[in-house]
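Written out below as structure tokens is the structure these notes cover.
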Protein chains: 2
Amino acid sequence: MSEDDVLRMIEQAVIDHRLPPGTKLKEVELAHFFGVKRGTIRKVLTRLVYSRLAVQQPNKGVTVAKPSVKEALDLFSARRAIERSILESLATKITIKQIKQLRKILDEEQCCYQSSDSQRAIVLSVKFHTVLAFMAGNEVMTEYLKDIIRRTPLVILTHLGDMSQNLCRNQEHDAIVDALENGDGEKASQIMSQHLSHIENCIQEEPKSIKKPNLAALLLKVPQ
Amino acid sequence: MSEDDVLRMIEQAVIDHRLPPGTKLKEVELAHFFGVKRGTIRKVLTRLVYSRLAVQQPNKGVTVAKPSVKEALDLFSARRAIERSILESLATKITIKQIKQLRKILDEEQCCYQSSDSQRAIVLSVKFHTVLAFMAGNEVMTEYLKDIIRRTPLVILTHLGDMSQNLCRNQEHDAIVDALENGDGEKASQIMSQHLSHIENCIQEEPKSIKKPNLAALLLKVPQ
DNA sequence: GGGGTTAATATTGTTAACAATAATTTTATA
DNA sequence: TATAAAATTATTGTTAACAATATTAACCCC
């Protein structure tokens, strides 16, 4: 198992709270679990810390990050700024083919909702946002957006009981594509903004209490 | 000399082109130069790569990044989006005290220009932008802006002969503060946008040719 | 039993030697 | 002399042992 694989697995476990905020990420334990050397785990942890999914305390190791409410709000605000710029740019140059491509993603997403495959619905929802960024063509902003999206589930789950009903709403995604089709970037970004607000407004003051998890929780690939 | 010190020094050398794009950063050479272990240099290089100031090729080491013209343009575009959001937010809540604080920075900057201390003028110009971000209070965006600012000199110098005449213009900084004082975030961000365009428009197609530098160039702390 | 000190263990951090790969030089041969 | 193969050197990548620190457990005294 490669370094990237290990990173992805731990990242995913952090993102969907199988490894809750505050969990200590012990090097030897993880190394043994994944069947890799400690050095590999160390590199992975460095990268996790860099992406703010984890926090490092000198001589005390790294733990899963416990983002504050402020960080959550800042993240949403930054996301709004970036997605606005993306949509305004994209509205001036989007092609019919791209519109169709977006609608295809939304159709699939809709299917998942109807068949209650929320796991895959989330993936498609994320894909919708990142594809928008990709189409706009600004790689710097795409990277920033990906970074934000990576961090969002952690900040949400830290201050929310459950995210399952706080997903992106399909009809808003539809409305964004409609606005883009009409070349109205202003409107698209306005919808996006309130779209994000739906999630943002649910953020509560108090973080959830955490119980110490068994590391083997990583094995469970299904969040619930 | 600590890891952070070494990072800062190499970073600064990359930023002001004493270590031009494409320069190979050899581990033992750097370790010997700074009087640290190779492991320390390795960590520093990892961080440099992460911030996109350097590029890593497996088994071939890391070299100073050679950003493309597109990356330069993307960076400016992203910066525009972020600073716009910062200014719009700040305009609604800036205090008189903060206005004075900003003006003080600009006065100092003006002094430096008049005494031809362009080295320090750059520092103050950067400070102006980062203080704006800090005042707006969004830490995520502040981090992104810092990241962009860190990368900007490299992309500019790669596609420009010299940056010394392409600095931020003081009167535009003044106008931004004026707009903020009037609570007009819209106008402030518009000025900021054209402010950035002045620099952006000078970006050329062809990257400069590079000659292999002596590593001891790092010793020269003064760019010229 | 509680508070605090010391010892034992666990965990992170560092290092130097080794392995693997790439770059360079040398040598052989046409 | 030019080319290609081989040998040498330089450079990056990995590992396991060691050191330093923090955490836990044991112990003692009151």
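Scanning the range A:70-81 for any residue that is away from chain B (no Cβ under 14 Å) and crowded, with 18+ Cβ neighbours inside 10 Å turns up nothing. Looking at the range A:82-95, is at least one residue surrounded by 15 or more Cβ atoms within 10 Å (Cβ to Cβ) and not in a helix (DSSP H, G or I)? Among the residues of the range A:82-95, at least one is surrounded by 15 or more Cβ atoms within 10 Å (Cβ to Cβ) and not in a helix (DSSP H, G or I), which makes the answer yes. Scanning the range A:19-28 for residues that are open to solvent by 30 Å² or more (accessible area, probe 1.4 Å) and either away from DNA strand C (no atom under 14 Å from the Cβ) or without any contact (Cβ under 8 Å) to a residue 24 or more places away in the chain (or both) gives a single hit, A:28. The residue that is farthest from DNA strand C (Cβ to nearest atom), among those in the range B:29-51 that are β-branched (Val, Ile, Thr) and closer than 22 Å to residue B:151 by Cα, is B:49. Of everything listed in (1) away from chain B (no Cβ under 14 Å); (2) surrounded by 18 or more Cβ atoms within 10 Å (Cβ to Cβ), the single unmet condition for residue A:103 is (2). Just a yes or no: is a residue in the range A:52-64 within 14 Å of chain B (Cβ to nearest Cβ), within 11 Å of DNA strand C (Cβ to nearest atom) and assigned to a helix (DSSP H, G or I)? For the range A:52-64, residues within 14 Å of chain B (Cβ to nearest Cβ), within 11 Å of DNA strand C (Cβ to nearest atom) and assigned to a helix (DSSP H, G or I): absent. Of B:196, B:180, B:218, which residue is in a helix (DSSP H, G or I), open to solvent by less than 70 Å² (accessible area, probe 1.4 Å) and at pLDDT below 70? The conditions single out B:218. Within the range A:105-121, can one find any residue that is within 16 Å of DNA strand C (Cβ to nearest atom) and part of a helix (DSSP H, G or I)? Among the residues of the range A:105-121, not one is within 16 Å of DNA strand C (Cβ to nearest atom) and part of a helix (DSSP H, G or I), which makes the answer no. Taken over the range B:1-50, residues that are among the aliphatic types (A, V, I, L, M), within 14 Å of DNA strand D (Cβ to nearest atom) and either in a helix (DSSP H, G or I) or within 14 Å of chain A (Cβ to nearest Cβ) (or both) amount to 9.
For first residues located in the range A:132-146 and at pLDDT 95 or above, partners that are outside any helix (DSSP H, G or I) and lie 6+ apart or on another chain with Cβ distances below 8 Å form the pairs A:135/A:94. Residues that are farther than 19 Å from residue A:3 by Cα and open to solvent by less than 70 Å² (accessible area, probe 1.4 Å) within the range B:49-69 comprise B:51, B:53, B:54, B:63, B:64, B:65, B:67, B:68, B:69, listed in sequence order. Is it the case that residue B:186 is of a type outside the set (A, V, I, L, M, F, W, C), surrounded by fewer than 16 Cβ atoms within 10 Å (Cβ to Cβ) and touching a His at 6+ places or on another chain (Cβ under 6 Å)? No, not satisfied. The C-beta contact set for the range B:6-18 (first residue over 17 Å from residue B:40 (Cβ atoms), second residue of a type in the set (A, V, I, L, M, F, W, C) and open to solvent by 30 Å² or more (accessible area, probe 1.4 Å), distance under 7 angstrom, 6+ apart or interchain) comprises B:18/B:220.
The values are calculated or read from the model by the stated rules, or taken from the named source; none is laboratory data. Bear in mind that the values here come from a model prediction, so they are computed numbers and not experimental data. Every residue, glycine among them, receives a Cβ derived from its backbone with ideal geometry; neighbour counts consider all protein chains shown. The accessibility values were calculated without ligands, DNA or RNA, using every heavy atom of the protein model including side chains. Shrake-Rupley method; radii C 1.70, N 1.55, O 1.52, S 1.80 Å.
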